[in-house]
Amino acid sequence: MTETLMASSISVPTSADFPVEHHKSQQWHLAREVPVAFIYNAHPHAVMMATPQDLEDFAIGFSLSEEVVTERGAIEDIYIEQDEEAFRVFLSIDETKTGPGYQQKRTIAGRTSCGLCGVAELEAAIRVSPNKHAHVTAPAPEVLVKSLQSFHQAQHIHKINYSVHGAAFCTMDGELLHLREDVGRHNALDKLLGALTVRSPAPEGYVVMSSRCSFELVKKAVTFGLSGLVTLSAPTSLALEIAQKNNLFLACQDGQERLTFF
């Protein structure tokens, strides 16, 4: 999901002794960012700023990771409506299978950089359900390297615009099964989690992401029952604390050649 425009670019010299090259015109593919509203049983719940693709996966993953519903089967129907540059996603759900997130409405739009924007209560912001897994040993470094290499090769939208995040699910032997992309890192993860629900039961594995390891990503990973999270920067202290309490292994790609485990 990109839009194309003409832009000008310059080559920036590494030394002040050299002049800047002339401007060059080129095509640039921009990632789309639009409002996406989630509406449950005719009741508005949240508006997220997102890339408008894989919206059904997004709706399912958001509903599960935010504990709006307790299981995939609680979502009975999904209907997507476009209104100019905005999208409305209508979900019919079984209200006997809703979770604590169903009562937690968002008061403002969720920004692309914030998975917790608009959450009105502090307790809801840091609430984390127990992980479904017992302690899981992280894969060997060479396995994670394999999955990171596959991840970078599979980021098709990022190769075009260099401005979207990616989230990929890998089995414990490093095989990449699914990848989703979005301008928001938490949106990319929700889209991936939604895609994983097509497999029942979901295979055991971990997620590789092109972002920092923030608390809301760990919260979503724990809620969904993942085994681990591999990111491109170290976790925050709160992210690490929650991960350790819930048997979620964390690793980050520290530079181009080094992996760090937590």
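The values are calculated or read from the model by the stated rules, or taken from the named source; none is laboratory data. This is a predicted model, so every value here is computed, not measured. Cβ coordinates were reconstructed from backbone atoms using ideal geometry, including for glycine residues, and neighbour counts include every protein chain displayed. With ligands, DNA and RNA removed, areas are computed over all heavy atoms of the protein, side chains included. Shrake-Rupley method; radii C 1.70, N 1.55, O 1.52, S 1.80 Å.
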Restricting the search to region 65-79, which residues are open to solvent by less than 20 Å² (accessible area, probe 1.4 Å) and among the aliphatic types (A, V, I, L, M)? V68, V69, A74, I75
I'd like the full set of residues that are open to solvent by 20 Å² or more (accessible area, probe 1.4 Å), hydroxyl-bearing (S, T, Y) and within 16 Å of the chain's Cα centre (by Cα), limited to region 224-262. S233
Exactly one of these conditions fails for G115: (1) at pLDDT 80 or above; (2) assigned to a loop (DSSP other than H, G, I, E, B); (3) open to solvent by less than 10 Å² (accessible area, probe 1.4 Å). Give me its number. (1)
Enumeration of residues in region 31-64 that are among the small types (G, A, S), outside any strand (DSSP E or B) and crowded, with 24+ Cβ neighbours inside 10 Å: A59, G61, S63
Scan of region 151-182 for residues that are open to solvent by 30 Å² or more (accessible area, probe 1.4 Å) and either in contact (Cβ under 8 Å) with a residue 40 or more places away in the chain or among the charged types (D, E, K, R) (or both), ordered by number: H158, K159, I160, S163, H165, M172, D173, E175, R180
